[in-house]
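The next block holds one structure in the form of structure tokens; read it before the comments.
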Amino acid sequence: MFKPSRRVSAIDLSGIRKMFELITEDTINLGLGEPDFDTPPHIVEAAKNSMDEGFTHYTVNKGIIELRDAISNKLITENRIKTDPESIIVTVGASEALYMCCQALVESGDEVLIPDPGFVSYHACVKLAEAKPVPIKLGEDYDFRMTAEAVNENISPNTKAIILNSPANPTGSVMKKRDVRGIAELADDHGFYIISDEIYEKIIYQGQHYSFGEFSDNVITINGFSKTYAMTGFRIAYTAAKTDITEEMLKIHQYNTACASSISQIAALEALNGPQESVKHMVSEFKKRRDLIVGRLRDMGIKCVKPAGAFYVFPYVGDADIYVKKALENGVVVVPGHSFGENSKEHVRMSYATSYENIEEAMDRLEQIEY
Ligand SMILES: Cc1ncc(COP(=O)(O)O)c(C=O)c1O
């Protein structure tokens, strides 16, 4: 009988994927983690042109210099991060970036602080690197925001890194500047690394985004194109870190993927250099949908924090498994909170990356649930 490695046996496939298997034609899917908008045409055009011009071969491992230049300029001007093109690795999505960071930074005996609730990959990537995930409980009291105090309480002599995510999946919380600065100071004082997943940076309705890299050098910044430019299928993102960290991460990247797709790199370059109207349009649409979904859920008597960013709400529903089952019986897919951590058994995640009309219909259906 096949015996998988202990590393792989220790993790499960994401609960979100399992939900998709239950979808029928009439189901409204509020489980999706990707924008429902089309990739802007100028980006698609750039990708097509790159193929026509024969740009269909390997690139250098870190990614084409034009793209790394554009990324480094963005990080310097928009995020106030001290960086340069040599400190950037272009990756196959933020997913690869997270895996690469964990493999390069942590090992057995190390602890990695992760948000709970938090994106599904954090726990799995830490486990695959044979380190110990230490969940930090986030609750409604601070609108699910990570705070410097909560981090401080969970630091131990074995803390090697923390993974942070603002705006956050699954709660949409956006961290305050004082907490970003405070956690950066804690990382410097205690000598641990910050892995900052900033993939929802541009999808923000209230407050402002701050990068940890502005306040500390011990930061690996992860950002990408999937969410901001509706480019999930292009599989393209990047890391920025000090050169010594970057050179170690590059080993994982090289042996895992060699390089990101050449075509996607050209598309990403166009995304950064081209017009940004599509981003503004998408965010203003998301905001309308957020107001609709939060309003409707509250009208049903469901406790729901109004998220400041991303495109998810994380309402309190009591027993999430019962609620998920009833929602499905009424033709709506929502994701149980425990997919995002042990602490979240009484919540569900609903994505509003689907049309206004779909959300209205989904809320009409959920209104029928008695619980
Ligand atoms: C918080 C977070 N990080 C990373 C990812 C992965 O993004 P990518 O498509 O760039 O691999 C996702 C996707 O849902 C996410 O929600």
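The values are calculated or read from the model by the stated rules, or taken from the named source; none is laboratory data. Given the structure is predicted, the values throughout are model-derived calculations rather than measurements. Note that we place each Cβ from the backbone using ideal geometry, even for glycine, and neighbour counts take in every protein chain shown. Calculation scope for accessible area: heavy atoms of the full protein, side chains included, ligands and nucleic acids excluded. Shrake-Rupley method; radii C 1.70, N 1.55, O 1.52, S 1.80 Å.
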Practice task
Please tell me the relative contact order of the chain in percent, rounded to the nearest whole number, where contacts are Cα pairs under 8 Å and at least six residues apart.
Solution key: 24
Problem - Pairwise label distance in nanometres, Lys325 with Lys132, each label 7 Å out on the Cα-Cβ vector - result: 3.5
Exercise for the section: May I ask you to give the percent of accessible area on the range 41-273 that is carbon plus sulfur, with a probe radius of 1.4 Å? Expected result: 47
Completion exercise
For the range 70-79, in residue order, the Karplus 3J(HN,Hα) values (coefficients 6.51, -1.76, 1.60; θ = phi - 60°; whole Hz; Gly and Pro = x) are 5, 5, 5, 4, 4, 5, 5, 7, 8, 10
Practice task
Under a 10 Å cutoff between Cα atoms, tell me which one of Met175, Met249, Met51 has the largest fluctuation in the Gaussian network model of the chain.
Solution key: Met51
Completion exercise
Once Glu357 and Lys345 are pulled to full extension, the length gained, defined as 0.36 nm per residue separation minus their Cα-Cα distance, is 1.4 nm
Exercise for the section: Could you rank Arg80, Arg6, Arg181, Arg290 by how accessible they are, 1.4 Å probe, largest area first? Expected result: Arg6, Arg80, Arg181, Arg290
Exercise for the section: Would you look at the GNM of the chain, springs on alpha carbons closer than 10 Å, and say which of Asp12, Asp188, Asp36 moves the most? Expected result: Asp12
Problem - DSSP-loop GluC sites (Glu not before Pro) across the range 1-110, with at most 13 other Cβ within 10 angstrom - result: Glu21, Glu25, Glu53, Glu107
Exercise for the section: Determine which lysines satisfy two conditions relative to Lys82: a Cα distance under 30 Å, and not lying fewer than 8 residues away in the same chain. Expected result: Lys62, Lys74, Lys160, Lys176, Lys177, Lys202, Lys227, Lys242, Lys251, Lys280
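If you take every residue apart from Gln368 with its C-beta less than 10 Å away from the C-beta of Gln368, what net charge results, scoring Lys and Arg +1 and Asp and Glu -1? Working shown, then result.
Numbers: positive: Lys326, Arg365; negative: Glu329, Asp364, Glu367, Glu370.
Net of charged neighbours comes to -2.
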Exercise for the section: Please calculate how many Å² of accessible area the chain carries per residue, with a 1.4 Å probe and no DNA, RNA or ligand atoms counted. Expected result: 45
